[in-house]
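A.B. asks: Mind having a look at this structure? Questions to follow.
The values are calculated or read from the model by the stated rules, or taken from the named source; none is laboratory data. This is a predicted model, so every value here is computed, not measured. Glycine gets a Cβ as well: all are built from the backbone with ideal geometry, and neighbour counts include every protein chain shown. For accessibility, only protein heavy atoms count, side chains too; no ligands or nucleic acids. Shrake-Rupley method; radii C 1.70, N 1.55, O 1.52, S 1.80 Å.
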Amino acid sequence: MSAPTIVLVHGAFADSASFTPVTRALLDQGHRVVVPAVPNRSLLGDSAHVRSIVEGIDGPVVLVGHSYGGAVITVAGAAENVVGLVYLAGYALDEGESLGALQGGFPDSDLAANLVYTPFPVPGGEDGTDVSVAVDAFPDVFAAGIDRSTTEVLAVSQRPLAALAFGEQAPVAAWRTTPAWGIVSAADRTINPDVERFGYQRGGFRAVVELDAPHLVMLSHPQDVVAFITDAVTELDRKDQS
């Protein structure tokens, strides 16, 4: 197997820039990296978008998904050239399961009380609904542990998630057939950490680590995240050579 391309998939209320320190470190190590912009319009549409990017890459791919990006790679990871999945404080949905159903089995995080719902126009149909994090709550709830001056910028430049995504069911769970690894953000106030633990345990992930980290673990603990991703890549390489 040739060295895989690492595709970093951001989640809701964030964008590709949330991976900046991880992207820089992986590039400095000589890895091929792609960090697509996820539309955040629907689970099925976002997954199809990411899958199309993955299938356009020559050679194997390791998909890395943060938060909602975990749900996206769960579906997009069914692409034939995906050889590994890495979840960062992410949703590991099962086939036929939605974000709302998985979250509903656990107590709400602090995020639930700090969401803002805003209509947006949909050509030829009823208005959609964008979900975002209240700007004043964003630094403490979504980006705790990150420098305040940075979180204030993130709060006013967040990428909303369409409400439609919460109810859509995953048509496939790629972790059932593809090796997976997961990081639990034990200090997460956006996703109940038990949601992360449950998904990873149910999926029989190859390795799970817990970090005393907030939701944006790739910004608060970039070195740990890079090491975790590259360890997964190394394990896949050893497996291929054996």
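A.B. asks: Scan segment 154-180 residue by residue and report those that are charged (D, E, K, R) and touching a Leu at 6+ places or on another chain (Cβ under 9 Å).
C.D. replies: Within segment 154-180, just GLU168 meets the criteria.
A.B. asks: Just to check your reading of the model, which residue among VAL226, VAL209 is β-branched (Val, Ile, Thr), surrounded by fewer than 18 Cβ atoms within 10 Å (Cβ to Cβ) and under 17 Å from the mean Cα position of the chain (by Cα)?
C.D. replies: Answer to the check: VAL209.
A.B. asks: Which pairs turn up if I take residues in segment 226-239 that are of a type in the set (D, E, K, R) and look for partners that are open to solvent by 60 Å² or more (accessible area, probe 1.4 Å) and not in a helix (DSSP H, G or I) with beta carbon separation below 8 Å, at least 6 apart in sequence or on another chain?
C.D. replies: So the pair list comes out as GLU235/ARG206; ASP237/MET1; ASP237/ALA3.
A.B. asks: Out of all the residues in segment 56-65, is one or more in contact with a helix residue (DSSP H, G or I) (Cβ under 6 Å, 6 or more places away or on another chain) and closer than 28 Å to ASP127 by Cα?
C.D. replies: No, segment 56-65 has no match at all.
A.B. asks: Something else now. Of the residues LEU161, LEU219, only one is in contact with a Pro (Cβ under 7 Å, 6 or more places away or on another chain) and under 16 Å from HIS10 (Cα atoms); which? Outline the logic, then answer.
C.D. replies: Details: LEU161 fails: in contact with a Pro (Cβ under 7 Å, 6 or more places away or on another chain).
Going through LEU161, LEU219 in turn, the sole match is LEU219.
A.B. asks: Looking at segment 164-186, which of its residues are touching a Gly at 6+ places or on another chain (Cβ under 7 Å) and more than 22 Å from VAL82 (Cα to Cα)?
C.D. replies: LEU164, PHE166, GLY167
A.B. asks: Being more than 25 Å from ASP212 (Cα to Cα), of a type in the set (D, E, K, R) and in contact with a strand residue (DSSP E or B) (Cβ under 6 Å, 6 or more places away or on another chain) is the requirement here; does ASP94 meet it?
C.D. replies: Spelling it out, it is not the case that ASP94 is more than 25 Å from ASP212 (Cα to Cα), of a type in the set (D, E, K, R) and in contact with a strand residue (DSSP E or B) (Cβ under 6 Å, 6 or more places away or on another chain).
A.B. asks: Find all pairs meeting these conditions: Cβ atoms under 7 angstrom apart; at least six residues apart or on different chains; first residue within segment 189-206 and within 24 Å of ASP110 (Cβ to Cβ); second residue open to solvent by 30 Å² or more (accessible area, probe 1.4 Å) and part of a helix (DSSP H, G or I).
C.D. replies: Final answer for the pair search is ARG189/ASP110; VAL195/GLN103.
A.B. asks: Which ones in segment 45-87 are of a type in the set (S, T, N, Q) and within 25 Å of PRO222 (Cβ to Cβ)?
C.D. replies: Selection gives SER67, THR74.
A.B. asks: Now for a separate question. Could you say which residue among THR234, THR190 is outside any strand (DSSP E or B), open to solvent by less than 40 Å² (accessible area, probe 1.4 Å) and either more than 29 Å from THR151 (Cα to Cα) or not aliphatic (A, V, I, L, M) (or both)?
C.D. replies: That would be THR190, the only listed residue that is outside any strand (DSSP E or B), open to solvent by less than 40 Å² (accessible area, probe 1.4 Å) and either more than 29 Å from THR151 (Cα to Cα) or not aliphatic (A, V, I, L, M) (or both).
A.B. asks: Inspect segment 24-37 for any residue being of a type in the set (Asp, Glu), open to solvent by 10 Å² or more (accessible area, probe 1.4 Å) and at pLDDT 95 or above and give the result as yes or no. Walk me through it before giving the result.
C.D. replies: Taking segment 24-37 as the starting set, the residues that turn out to be of a type in the set (Asp, Glu) are 28.
Keeping just the survivors that are open to solvent by 10 Å² or more (accessible area, probe 1.4 Å) gives 28.
Checking which are at pLDDT 95 or above leaves us with 28.
Looking for residues that are of a type in the set (Asp, Glu), open to solvent by 10 Å² or more (accessible area, probe 1.4 Å) and at pLDDT 95 or above, one finds at least one in segment 24-37, hence yes.
A.B. asks: Scan segment 62-80 for residues that are open to solvent by less than 10 Å² (accessible area, probe 1.4 Å), farther than 17 Å from GLY100 by Cα and out of contact with any Gly (no Cβ under 6 Å at 6 or more places or on another chain) and jot them down.
C.D. replies: Residues satisfying the conditions are VAL64, ALA76, GLY77, ALA79.
A.B. asks: Residue check, VAL208 against (1) closer than 13 Å to GLY11 by Cβ; (2) assigned to a strand (DSSP E or B); (3) β-branched (Val, Ile, Thr), all met but one. Which one?
C.D. replies: (1)
A.B. asks: Something else now. Quick one: is ALA144 at pLDDT below 95, touching a Lys or Arg at 6+ places or on another chain (Cβ under 8 Å) and not basic (Lys, Arg)?
C.D. replies: It is true that ALA144 is at pLDDT below 95, touching a Lys or Arg at 6+ places or on another chain (Cβ under 8 Å) and not basic (Lys, Arg).
A.B. asks: Consider GLY30 against the criteria (1) on the phi > 0 side of the Ramachandran plot; (2) in contact (Cβ under 8 Å) with a residue 12 or more places away in the chain; (3) of a type outside the set (Asp, Glu): it satisfies all of them except one. Which criterion is unmet?
C.D. replies: (2)
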